[in-house]
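No value in this document is a laboratory result; all are computed from the given coordinates. Since the structure is predicted, the reported quantities are computational estimates derived from the model, not experimental observations. Using ideal geometry, Cβ is built from the backbone for each residue, glycine included, and neighbour counts are taken over all protein chains shown.
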Amino acid sequence: MKDRIRKIERIRQVQQHMHRVAELRMSGLENSRRINQSEQLDLISALNEDSSFQGLFVDATARRLKSLTHQGDQIATECLAQRTVVIERGLQLKRTEKTCDRLKEQDRRETEKRELQNILEQIISRSHKLPAS
């Protein structure tokens, strides 16, 4: 039983690590999404400005904005997929934690049963050693 508990504890630790990694990847994607949106807003505001040099950079700015929009769509898709991964990893972790708790409780009950059995055996052996009156 102790081996099973040790193994399930190790699995729980690995799944906890995998969940943290998935969360970190998700936060990285969210950060990339915010940066992308910020750059898009900067380019849009640059296009809206009245400047004597604006005409020179309109084509390059529009291409860059189009590129950022495409990247933003890809990041959004990755965020949705990663969110699913984070949820799944979390559910796996919870199931493993419940299994681990059940095994520990079962081990505790078995230990109590053995200890009670030993106590009863000691009481019975003492009663047999008492002289008959």
Work from the charge dipole of segment 13-53 (Cβ charges, +1 for Lys and Arg, -1 for Asp and Glu, about the Cα centre) and give the residue of ALA46, LEU29, VAL14 farthest towards its positive end. VAL14
When the chain is treated as a Gaussian network with springs between alpha carbons less than 10 Å apart, the largest mean-square fluctuation among VAL14, VAL58, VAL86 is found at VAL58
Using a cut-off of 21 Å between alpha-carbon atoms, which lysines can reach LYS113, once sequence neighbours fewer than 8 places away in the same chain are excluded? LYS2, LYS104
Once you keep just the Cα pairs under 8 angstrom separated by 6 or more residues, what percentage relative contact order results for segment 2-105? 56
Per-selection metrics, the chain (Cα): Rg and Dmax in Å: 31.9, 119
